[in-house]
Amino acid sequence: MTRRRPLLSVVVIGLACLVGMPLYYIVVNTFKTQDEMVSSPLAPPTSLYLDNYLEVFDQIPLAQSFGNTLYITAGAIAVQLFVGVTAAYGMIMRATLFNRIFGVLLLLAFVVPGQATLIPLYRTLVDAELVDTFNGLIIMYAGGSIFCFFLIQGYIRTLPFEIVEAARIDGAGVFQIFWRIVLPLIRPILITVGIFQTMWVWNDFILPNVFLSSPEKRTIVLEVYSAVGEFSTDWPAFMTLSVVALVPMVVFFVVSQRHIISGLLAGGVKG
């Protein structure tokens, strides 16, 4: 077993370098001029060239784009968690035949590709006059509640329901049981699901590109996409904007990684 560890380490390090190569390529070239990037794309920069960052911050309304993305992400995650947790709690507490059938239908809806529903969803938002609005986009992201529902429901099933029964005997109502007992116990999975959904909504390109058209309403990912035309040949500037867009999610993931692991382990131990 000990002899295999050095070989395993070499393989893992090699795979890590392979996965990290695109990120290295992007970050390194943000500190190069166009000519330097073309001549030596993988070499370290000869000097700390910061004009690419100055150009991006000067020409792109990054503060507005980050604000738009933050508003959409916060609203979408709040809706998804609220719908997911209340639906999961209701389905568990009232395990009727209708709820079981409805759960199967939700599972079928979960496997339908989102791209297949874009046209009918767009027509629905047009009729509701919610196209090119943040609230309309948040409603579209509410479909992610299905993912939250299934993960939270599975976690609730692992809870000790003797506590719930004791609370019922003491006269606690459905809302009191949910707020005072169930919600504190499922906090780890709520944090874990919230982190996953935050990274999805923040980095999503398809829905904002379809449902938002005004330049002042662009998310940060749409700003990166629009820079393809704006910086048609200036690839270092384009990569700089990509790095600026990635930094918040990288920091968010590093900070929240502990909560992801603890949430998943808590569910595994309870199961």
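The values are calculated or read from the model by the stated rules, or taken from the named source; none is laboratory data. Since the model is a prediction, treat every value here as computed from it, not as a measurement. Neighbour counts run over all protein chains shown; Cβ positions are idealised from the backbone, glycine included.
Numerical summary
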| quantity | calculated |
| --- | --- |
| Helices (runs of 4 or more DSSP H) contained entirely in segment 164-231, each with at least 2 residues that are under 25 Å from residue 259 (Cα atoms) and over 16 Å from the mean Cα position of the chain (by Cα) | 187-203 |
| Test: residue in segment 123-146 that is in contact with a Ser or Thr (Cβ under 7 Å, 6 or more places away or on another chain) and in a helix (DSSP H, G or I) | no |
| Qualifying residue in segment 136-145 (condition: hydrophobic (A, V, I, L, M, F, W, C) and at pLDDT below 90) | no |
| Number of positions in segment 166-187 that are under 18 Å from residue 77 (Cβ atoms) and surrounded by fewer than 19 Cβ atoms within 10 Å (Cβ to Cβ) | 2 |
| Scope segment 203-221; condition aromatic (Phe, Trp, Tyr) and either over 13 Å from residue 245 (Cα atoms) or crowded, with 21+ Cβ neighbours inside 10 Å (or both); matching residues | 211 |
| Breaking point among (1) more than 30 Å from residue 23 (Cα to Cα); (2) exposed (fewer than 14 other Cβ atoms within 10 Å of the Cβ), for residue 48 | (1) |
| Set 223, 216: member being modelled with pLDDT of 85 or more and more than 20 Å from residue 50 (Cβ to Cβ) | 216 |
| Residues of segment 23-41 satisfying the condition of being over 14 Å from residue 235 (Cα atoms) and either in a loop (DSSP other than H, G, I, E, B) or of a type outside the set (Ser, Thr, Tyr) (or both) | 23 |
| Residue 112 vs. criteria part of a loop (DSSP other than H, G, I, E, B) and touching a helix residue (DSSP H, G or I) at 6+ places or on another chain (Cβ under 7 Å) | no |
| Residue list for segment 83-97, restricted to those being small (Gly, Ala, Ser) and under 11 Å from residue 157 (Cβ atoms) | 88, 95 |
| Residue check, residue 269 modelled with pLDDT under 65 and among the hydrophobic types (A, V, I, L, M, F, W, C) | yes |
| Pairs, first within 21 Å of residue 214 (Cβ to Cβ) in segment 46-71, second outside any helix (DSSP H, G or I) and of a type outside the set (S, T, N, Q), C-beta under 7 Å, six or more apart | 65/218; 68/218 |
| When residues of segment 243-266 are limited to those that are modelled with pLDDT under 70 and among the hydrophobic types (A, V, I, L, M, F, W, C), the one surrounded by the most Cβ atoms within 10 Å (Cβ to Cβ) | 266 |
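Listed here are the residues, each with its yes/no results for (1) hydrophobic (A, V, I, L, M, F, W, C); (2) free of Cβ contacts under 8 Å to residues at least 40 places away in the same chain; (3) at positive phi.
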site	(1), (2), (3)
108	yes, yes, no
124	no, yes, no
127	no, yes, no
137	yes, no, no
147	yes, no, no
157	no, no, no
